[in-house]
Amino acid sequence: MTASELIARARDGDDEAFRQLTELHRRELHMHCYRMLGSFQDAEDVLQDTLLAAWRGLDRFEGRSTIRTWLYRIATNQCLNVIRSASRRPAKEWDVPEIEPPEPNRHGEIVWLEPYPDALLDGAIATPPGPEARYEQKESISLAFVTALQLLPARQRAVLILREVLGYPAADVADILDSSVESVTSALKRARATLQRRIPPDGTTASSPTLASPAEQALVARFTRAYEAGDIDALVALLTDDVRVSMPPMPLEYLGRDAVAGFYTALMSANREYHLVPTRANGQPAFGTYLRAPTDGIRHGTGLLVLTLAGDRISAVTRFDNSVLPWFGLPRSLPSH
């Protein structure tokens, strides 16, 4: 059945026709909302609002663009409304009992950041980007990139994603945002400048190993052994000099090997025995972290770690709380063994 036929049926109230019309774009729209908002949960909510708005507004679809572009228009403006509402996930206090962390040397700004499961990437980035896209798909889902996007003003963020991640022409972006080409061009210039300050241009940092390559697997295995053994020296040896540890929604950040060593020394004190379960998030190696209870040996989920790799070292570790574990198919606890 053609798109025109599906549109006609959906306008007559056929919800199955509407589902078929929009299903192809659901995951990429979810990823778009995630890039805009930096939050997996907020992206879920906005996607539902987008599909509801599209269902209710289908009579107003004039066919001047594709259904895909029309849905991106709705989703982008729904995201802008959420950003303007300023009702984001609040910061949390340190919540690890019996551990007093050292004083952080920075406080993170993007406390609402959440990880994105790699298991959902199929279909989310399947549509080839337009010819004007500048960012590779792997880079455009990384935590560093999504974090940097959150530092942009909302409309600059939308322009950069639509132009340089999705590759929409400036005229299409202007139409999506009810703006002018000149305004889009100016916003893109400012957004590029901000991102270049936040993310070094290609060639200034060591590139990450290829996905699932022997080099990546070896580094991940070394990290796992060091972390589970509580071997601080071995763990620190895997880190870059400028490594960063962050833990949204807690705003604490530790920069540099000395600061990170101090943090992990505190975290792994008192004979705490951790177990790591591998997964992937944002195109990066990740682990569910589990802490063995001293009484019954049950291992309780404490959070999710996402590693950013640079060459044969780890340049960032981002820790999320245990509420995200179900998104990755990970249990809240593991039996003793």
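Miscellaneous remarks
- Descending principal axes extents, the stretch 128-193, alpha-carbon based, whole Å: 31, 26, 17
- Isotropically averaged projected area of the stretch 177-314, using the convex hull of Cα atoms (one quarter of hull area), nm²: 11.4
- What the stretch 268-337 shows is 40 Å² of accessible area per residue, with the surface traced by a 1.4 Å probe over protein heavy atoms.
- Mean projected area in nm² (Cα convex hull; one quarter of hull surface) for the stretch 1-103: 9.1
- Taking the Cα atoms of the chain, the ratio Rg/Rh between the radius of gyration and the Kirkwood radius comes to 1.01.
- Take the chain and mark each of the trypsin sites (Lys or Arg not before Pro) that is in a DSSP loop with at most 15 other Cβ atoms within 10 Å; the longest unmarked stretch, sites excluded, is 135-271.
- Helix axis angle, 67-85 relative to the chain longest principal axis, alpha carbon, degrees: 60
- Measuring with a 1.4 angstrom probe and ignoring ligands and nucleic acids, residue 1 comes out at about 130 Å² accessible.
- Cα centroid separation, the stretch 48-125 to the stretch 215-262 (Å): 28
- Rg/Rh for the stretch 252-330 (Cα atoms only, Rh after Kirkwood) is 0.98.
- Taking every protein chain into account, the accessible area of the stretch 1-140 amounts to 55 square angstrom per residue (probe 1.4 Å).
- Over the stretch 19-60, the Kirkwood radius and the radius of gyration, each from Cα atoms, give a ratio Rg/Rh of 1.00.
- Counting Lys and Arg as +1 and Asp and Glu as -1 over every other residue whose Cβ lies under 15 Å from the Cβ of residue 222, the net charge comes to -3.
- Helix 214-229 and the longest principal axis of the C-alpha atoms of the chain enclose an angle of approximately 50°.
- Dimensions of the stretch 22-169 based on its C-alpha atoms, expressed as ranges along the principal axes with the largest first, amount to 59, 32, 29 Å.
- Percent carbon-and-sulfur accessible area, the chain, ignoring ligands, DNA and RNA, probe 1.4 Å: 51
- Counted by Cβ distance under 11 Å from residue 123, the other residues give a net charge of -1, where Lys and Arg count +1 and Asp and Glu count -1.
The values are calculated or read from the model by the stated rules, or taken from the named source; none is laboratory data. The structure presented is a predicted model; accordingly, all values stated were derived computationally and were not measured. Glycine gets a Cβ as well: all are built from the backbone with ideal geometry, and neighbour counts include every protein chain shown. Surface areas here come from the heavy atoms of the whole protein model, side chains and all, with no ligands, DNA or RNA. Shrake-Rupley method; radii C 1.70, N 1.55, O 1.52, S 1.80 Å.
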